[in-house]
Amino acid sequence: QVQLVESGGGVVQAGGSLRLSCAASGSPRSINTMGWYRQAPGKQRELVARITSGGSTSYVDSVKGRFTISRGNNRNTVYLQMNKLKPEDTAVYYCNLLLPSMSDYWGQGTQVTVSS
């Protein structure tokens, strides 16, 4: 069973930085897409960034130029470097792993709070 464990959330002032980490255990297939979603209170969960096993990345427009998604050397760890944070980035951030079979897995979520 694949499990995702996130870390790195916290409270930061606007303009600051945080780095989120997500480690997948349970021997997921190496061909997968990993991503970060977020959900703010009263809003729908949205895709923030994703990265394929080949290294292709995509971002929601609101974070382009500020956030960077990357994989670790073991390919089953994913990071989200968040710079120039804004209060509107406040949300619970969830790690996601998507397999070619379309099975997907979610982490428990980590809170990111950006104060103005």
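Checking each residue in segment 8-32 for being modelled with pLDDT of 95 or more, closer than 16 Å to Trp106 by Cα and either polar (S, T, N, Q) or touching a helix residue (DSSP H, G or I) at 6+ places or on another chain (Cβ under 7 Å) (or both) picks out only Ser21. Hey, any hits in segment 93-105 for a residue that's more than 21 Å from Pro28 (Cα to Cα), more than 13 Å from the chain's Cα centre (by Cα) and acidic (Asp, Glu)? No: zero hits. In segment 55-69, the residues that are on the phi > 0 side of the Ramachandran plot reach residues that are basic (Lys, Arg) with C-beta atoms within less than 9 angstrom, at least six apart or across chains, in these pairs: Gly55/Arg71; Gly65/Lys84. The number of residues in segment 1-42 that are open to solvent by 40 Å² or more (accessible area, probe 1.4 Å), part of a loop (DSSP other than H, G, I, E, B) and under 22 Å from Asn74 (Cα atoms) comes to 6. Residue pairs whose Cβ atoms lie under 6 Å apart, separated by 6 or more positions or on different chains, with the first residue in segment 97-116 and on the phi > 0 side of the Ramachandran plot and the second buried (at least 18 other Cβ atoms within 10 Å of the Cβ), are Gly109/Val92; Gly109/Tyr94. If I filter segment 97-116 down to residues being hydroxyl-bearing (Ser, Thr, Tyr) and surrounded by 14 or more Cβ atoms within 10 Å (Cβ to Cβ), which single residue comes out as farthest from Gly65 (Cα to Cα)? Top of the filtered list is Tyr105. Here segment 44-96 is the region considered, the condition is being open to solvent by 10 Å² or more (accessible area, probe 1.4 Å) and in contact with a Cys (Cβ under 8 Å, 6 or more places away or on another chain), and the residue that is modelled with the lowest pLDDT is Thr77.
Checking each residue in segment 102-116 for being within 14 Å of Arg45 (Cα to Cα) and in a loop (DSSP other than H, G, I, E, B) picks out Gly107, Gln108, Gly109.
Cβ separations smaller than 9 Å between residues 6+ apart or across chains give the following pairs from segment 22-48 residues that are at positive phi to residues that are assigned to a loop (DSSP other than H, G, I, E, B): Gly26/Gln1; Gly26/Val2; Ser27/Val2; Ser27/Asn76. Of the strands (runs of 3 or more DSSP E) lying entirely inside segment 43-96, those containing at least 1 residues that are of a type in the set (Asp, Glu) are 46-52.
The values are calculated or read from the model by the stated rules, or taken from the named source; none is laboratory data. The structure presented is a predicted model; accordingly, all values stated were derived computationally and were not measured. FYI the Cβ positions are ideal-geometry reconstructions off the backbone, even for glycines, and counts take in every protein chain you see. Each accessible area value is taken on the protein alone, full model and side chains, heavy atoms only, with ligands, DNA and RNA left out. Shrake-Rupley method; radii C 1.70, N 1.55, O 1.52, S 1.80 Å.
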